[in-house]
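Chemist: Supplied in structure tokens, the structure appears directly below.
What follows draws every value from the coordinates through simple rules; no lab data is involved. Keep in mind that what you see is a predicted model, and the values were worked out from it rather than measured.
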Amino acid sequence: MNENVITNLEQVTTEWLAAVLTHSGALTQGSVTSVTIDTGRGNWSTSGSLQLEYSQDAQGERPSRLFIKMVDADTGDGEFFGASEVDYYLRDYVDVPDAPLLRCYDGCYAATIHRYHLLLEDVSASHTIACDKPPTLAYGLALAEAFAILHARWWGTEGLRHRPGLGGGSPPPMGTADPAPLPRNAQPAQRTGLQLGTTMGRLPAVRGHGRLYRCGVLSRPI
């Protein structure tokens, strides 16, 4: 429903934040008493960095900083993109253990107005955008591992059968997808990076948000 989509920062009130944080389990008691917002912009989006304060009786995770992204999905040429980024956070990987993704506290897409919002954890104090990071072997291996954790969701025939647009809409339960072999023509470094992704668990230095492209990756120092 359209009224559930945040389309401007004036809608980001203490009452709304308390409601969505309570629904997500991040606020189990108390209320949000104040919010300070710094604005930003992207190609199709408006964003805000939020600093929150809580009542003295507040309990739960109570994140002090959050990031909200509001997107107008009209590309300007008569076409629109859909709910894929909202699904990315709220459907596709919700049961993947330790997925290298930002935590999403709330999100909604309205097809009737082609708009959506995402309320995410703010990691600006610890992470930088990968566009600004010089490439190193350690970073490349961490990146390969993080992406492999996400890609493994769709490996094998069972994973593809549930892939939206390829015969299904819901991802398979973790552990049910057939493992896919490494490509025969992969170079040693590539094979090592992919193998690390299947055996070593998550390296939390790399976090993904939105689409998997260079400026859609946030990284801590490695």
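Chemist: Round to a whole angstrom and tell me the spacing of the C-alpha centers of the stretch 80-119 and the stretch 131-151.
Modeler: 22 Å
Chemist: Report the Stokes-Einstein translational diffusion coefficient (µm² s⁻¹, integer) for the stretch 1-90, Rh taken as the Kirkwood radius over Cα pairs, at 37 °C with viscosity 0.692 mPa s. Walk me through the intermediate numbers first.
Modeler: Working: Rh = 14.4 Å.
In µm²/s, the coefficient is 227.
Chemist: Still on this structure, please answer the following. Starting from 0.36 nm per residue, how many nanometres of slack lie between Glu79 and Gln29 once their C-alpha separation is accounted for? Intermediate results must be reported in sequence, preceding the final value.
Modeler: On the way: separation 50, 0.36 × 50 = 18.00 nm, distance 4.32 nm.
Taking Glu79 through Gln29 to full extension adds about 13.7 nm, to one decimal.
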